[in-house]
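What follows is a set of notes on a single structure, which appears directly below.
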Amino acid sequence: MCIIIDTNSLASVFDVNSANHSAFKPVFDWIFSGKGKVVYGGTKYLIEINKRYVGIFNELKNKQKAIRVSDEAVDQMETNISTKIVHPDFDDQHLVALLIVSKAKLICSLDQRAYKYFKHEQFFNRANDRPKIFRGSNNNKTLLVDNNIADICKPCKIK
C-alpha cells in the first residue's frame, strides 16, 4: 500500500518526540515494518521535504519503501488543477496532483481545510477513485491494509 504524507504530518509520523506521534505511529510501523511505501514527487513537495526530511526519504527509497513519481508529471498536473478551483483554503494543489498522477489511495494529513479538496469530484469523478485520509486517529488503522495498495507500489513485501 502507498501513502502520501502531507508535509504537515511528517513530524507526526517520523519524529518519535512529536506530540502527535502516537496517533501516527501506525503509519510509521506500516512503512518500516509492513508493506507500506511512501509516494512523493513534484517540485513543491521536494522543496518542502528538503527542509528537514530528505534524509528519511533517501533512506526509504534505498530500502524500496518510497516511490518517486515524475516531478514533471506532478508539476504539470498541479498547474492544471490550479485553474480548476481557486479558493484561499486550497493551497495543496501539489498534493492533489500527486494523488492523481500516482493513483495513491491514501493520504496522511492534518490539514482539515484540505480534506474536501483531496476528495473533490472535480479531480476524482468516481467515489472509488477518491483517496482515503489518515487523520491520525486510532480508527484510521483500518486504512493501512492491502486493499489500499496502488499499482505504483506493487509488489509490496514486508522488509
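Data overview
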| read-out | value |
| --- | --- |
| Condition met for Gly34 (touching a residue at least 12 places away in the same chain (Cβ under 8 Å) and not aliphatic (A, V, I, L, M)) | yes |
| Residues of segment 29-43 that turn out to be out of contact with any Asp or Glu (no Cβ under 6 Å at 6 or more places or on another chain), at pLDDT 95 or above and surrounded by fewer than 18 Cβ atoms within 10 Å (Cβ to Cβ), as a count | 0 |
| Some residue of segment 66-74 being crowded, with 18+ Cβ neighbours inside 10 Å, modelled with pLDDT of 90 or more and more than 22 Å from Val13 (Cα to Cα) | yes |
| Helices (runs of 4 or more DSSP H) (entirely within segment 1-53) containing at least 1 residues that are within 21 Å of Met77 (Cβ to Cβ) | 43-50 |
| Tabulated pairs, segment 67-88, first more than 15 Å from Phe118 (Cα to Cα), second modelled with pLDDT under 95 and among the basic types (Lys, Arg), C-beta under 7 angstrom, 6+ apart or interchain | Ile67/Lys37; Arg68/Lys61 |
| Filter result for Lys61 (within 16 Å of the chain's Cα centre (by Cα), in a loop (DSSP other than H, G, I, E, B) and either crowded, with 21+ Cβ neighbours inside 10 Å or at pLDDT below 95 (or both)) | no |
| Wholly within segment 66-144, strands (runs of 3 or more DSSP E) carrying at least 1 residues that are small (Gly, Ala, Ser) | 66-68 |
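The values are calculated or read from the model by the stated rules, or taken from the named source; none is laboratory data. What you see is a predicted model; the values in this text were computed from it and never measured. Neighbour counts are summed over all protein chains in view; Cβ atoms, including those assigned to glycine, are modelled from backbone coordinates with ideal geometry.
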